[in-house]
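Novice: Handing you a structure now.
The values are calculated or read from the model by the stated rules, or taken from the named source; none is laboratory data. Here the structure is a predicted model, which is why all the values come from computation and not from measurement. Ideal geometry is used to build each Cβ from the backbone, glycine not excepted, and the neighbour counts take in all protein chains shown. These area figures cover heavy atoms from the full protein model, side chains too; ligands, DNA and RNA do not enter into them. Shrake-Rupley method; radii C 1.70, N 1.55, O 1.52, S 1.80 Å.
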Amino acid sequence: MKSFSIIGCGAVGKTVGRLLQQAGVMQVKEILTRSAASAQAATDFIGAGRPVADFQELSRADLYLVASPDDAIAACARGLCRAGLLDQHTTVCHLSGSLGSEILEPARAMGAQVASVHPVKSFADPAVCVGDFAGTWCGIEGDPQARELLAELFGAIGGRIFPIDPRFKTVYHAGSVLVCNYLTALMEAGLRAFQKGGVPRETALQVMEPLVRGTVDNVFRAGTARALTGPIARGDAGVVARQLGALDGFDSQLALIYRALGSVAAELSRERGQASPSGLAAIEELLATKKAGAS
Ligand SMILES: NC(=O)c1ccc[n+]([C@@H]2O[C@H](COP(=O)([O-])OP(=O)(O)OC[C@H]3O[C@@H](n4cnc5c(N)ncnc54)[C@H](OP(=O)(O)O)[C@@H]3O)[C@@H](O)[C@H]2O)c1
């Protein structure tokens with residue numbers, strides 16, 4: 001059976017390591033972390049492998065899974081190179097969403113196949129994650145042979161594979177930040193506007209809930225353009241002008257968000273085709289106009 005070693009084994013390394021080991025698709029060899037204690041804890045969690053504290057203690061494996069924090073990936077790749085373990089028969093892969101496989105270039109220069117796999121999941125508790133990993137979308141990019149191997153391995157543990165363009169991996173990753181973290185920030189912005197209108201925060205949350213859930217459902221059911229409703233979908237420039245004026249007078253940050261997202265909404269509205277071209281043009285002009293007096 002082919003073998004793999006894990007370099008950096010925290011939340012993600014433990015989860016993926018145990019799943020691969022349990023699936024019987026690859027045999028875990030060594031587990032390398034910064035401290036002997038965490039390497040031992042990871043080995044115990046995975047239920048196999050040998051904890052090591054230095055790159056020189058690693059033996060040859062078919063795959064080196066680098067699951068260190070993003071900032072340490074380049075150093076881990078250099079450590080593997082120095083240990084003299086890499087050639088055309090080895091694959092090196094990291095699991096970061098924000099970095100491409102080019103960070104593993106030193107390993108590629110030694111002949112190894114390199115790739116990255118980004119499991120789109122929040123790995124809070126590995127004990128929970130091993131149970132609910134199946135169905136996780138995993139974005140893959142890198143050398144063809146490495147992609148093939150990793151698609152097979154992550155597929156065997158229930159991952160759903162999709163390709164990423166390596167040239168725009170960071171932009172791709174920002175997409176997750178926008179729809180996840182920024183959705184939360186957008187909800188906060190909406191709450192502040194409700195509160196300014198005299199609605200207590202708790203009530204505002206209750207009012208928002210069916211609105212937000214319904215909108216999210218509509219996006220996944222019908223797509224973004226068809227899910228768009230409201231003044232920009234209707235081409236109602238008067239409403240947009242009044243809201244912009246009110247937000248400029250209330251909170252410049254909210255006005256900035258309204259303008260930026262309004263421009264994306266205007267593109268969707270054009271695709272949707274409900275608004276009149278003149279209404280939409282007026283809205284786009286309003287959205288492009290900065291607050292009077294702003295530099
Ligand atoms: N967490 C998530 O939700 C998530 C989701 C998708 C992808 N990812 C990606 O998965 C990777 C791992 O993230 P994580 O959340 O599992 O990290 P983590 O829980 O912080 O674990 C990091 C591991 O790397 C080890 N480490 C740190 N510096 C190292 C070095 N210089 N050399 C060797 N090992 C080192 C740590 O060792 P010690 O324990 O001894 O400190 C620890 O075992 C990252 O690239 C991250 O972007 C994370």
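Novice: Roughly what % antiparallel, to the nearest 5, for the DSSP beta bridges in segment 3-164?
Specialist: Details: 5 of 28 bridges.
If we restrict to bridges inside segment 3-164, about 20 percent are antiparallel.
Novice: Which order do the peptides 14-23, 234-243 come out in when sorted by mean C-beta neighbours inside 10 angstrom, highest first?
Specialist: Top to bottom by mean Cβ count within 10 Å: 14-23, 234-243.
Novice: Next question. How far is helix 252-272 tilted, in degrees, relative to the longest principal axis of the Cα atoms in the chain, given as a value from 0 to 90 rounded to the nearest 10?
Specialist: Here the helix axis deviates by roughly 90 degrees.
Novice: Heavy atoms only, probe 1.4 angstrom, no DNA, RNA or ligands counted: give me ASP70, ASP248 ranked by accessible area, highest first.
Specialist: Values: ASP70 60, ASP248 30 Å².
Ranked from most to least accessible, the order is ASP70, ASP248.
Novice: Follow-up question, since we're still on this one. Heavy atoms of the protein only, probe of 1.4 Å, neighbouring chains included. What is the accessible area of LYS29 in Å², nearest 10?
Specialist: Rounded to the nearest 10, that gives 70 Å².
Novice: Separate question: Of the peptides 178-189, 34-45, how do they stack up when ordered by the mean number of other Cβ atoms within 10 Å, highest first? Mind dumping the intermediate values first?
Specialist: Working: 178-189: 12.0, 34-45: 15.8.
Result, highest mean Cβ count within 10 Å first: 34-45, 178-189.
Novice: Using the Cα centre of the chain as origin and beta-carbon charges of +1 (Lys, Arg) and -1 (Asp, Glu), tell me which of GLY24, GLY10, ALA237 is placed farthest towards the positive end of the dipole.
Specialist: ALA237
Novice: On the accessible surface of the chain, probed at 1.4 Å, how many percent belong to carbon and sulfur atoms?
Specialist: Values: 8730 of 15290 Å².
Carbon and sulfur atoms account for 57 percent of the accessible area of the chain.
Novice: What does the C-alpha gyration tensor say about the overall shape of segment 183-295? Classify as rounded when a/c is under 1.5, otherwise prolate if a/b is larger than b/c, or oblate. Write down the numbers at each step before the final one.
Specialist: Values: a/c = 2.05, a/b = 1.06, b/c = 1.94.
Here segment 183-295 falls in the oblate category.
Novice: Then there is this: Taking every DSSP beta bridge that has both residues in the chain, what percent is antiparallel when rounded to the nearest 5? Mind showing how you got there, number by number?
Specialist: Values: 5 of 28 bridges.
Of all bridge pairs located within the chain, approximately 20 percent are antiparallel.
Novice: List the lysines whose Cα sits under 17 Å from the Cα of LYS2, skipping any in the same chain fewer than 8 residues away.
Specialist: Answer for LYS2, where 17 Å is the Cα cut-off: LYS29, listed by chain and number.
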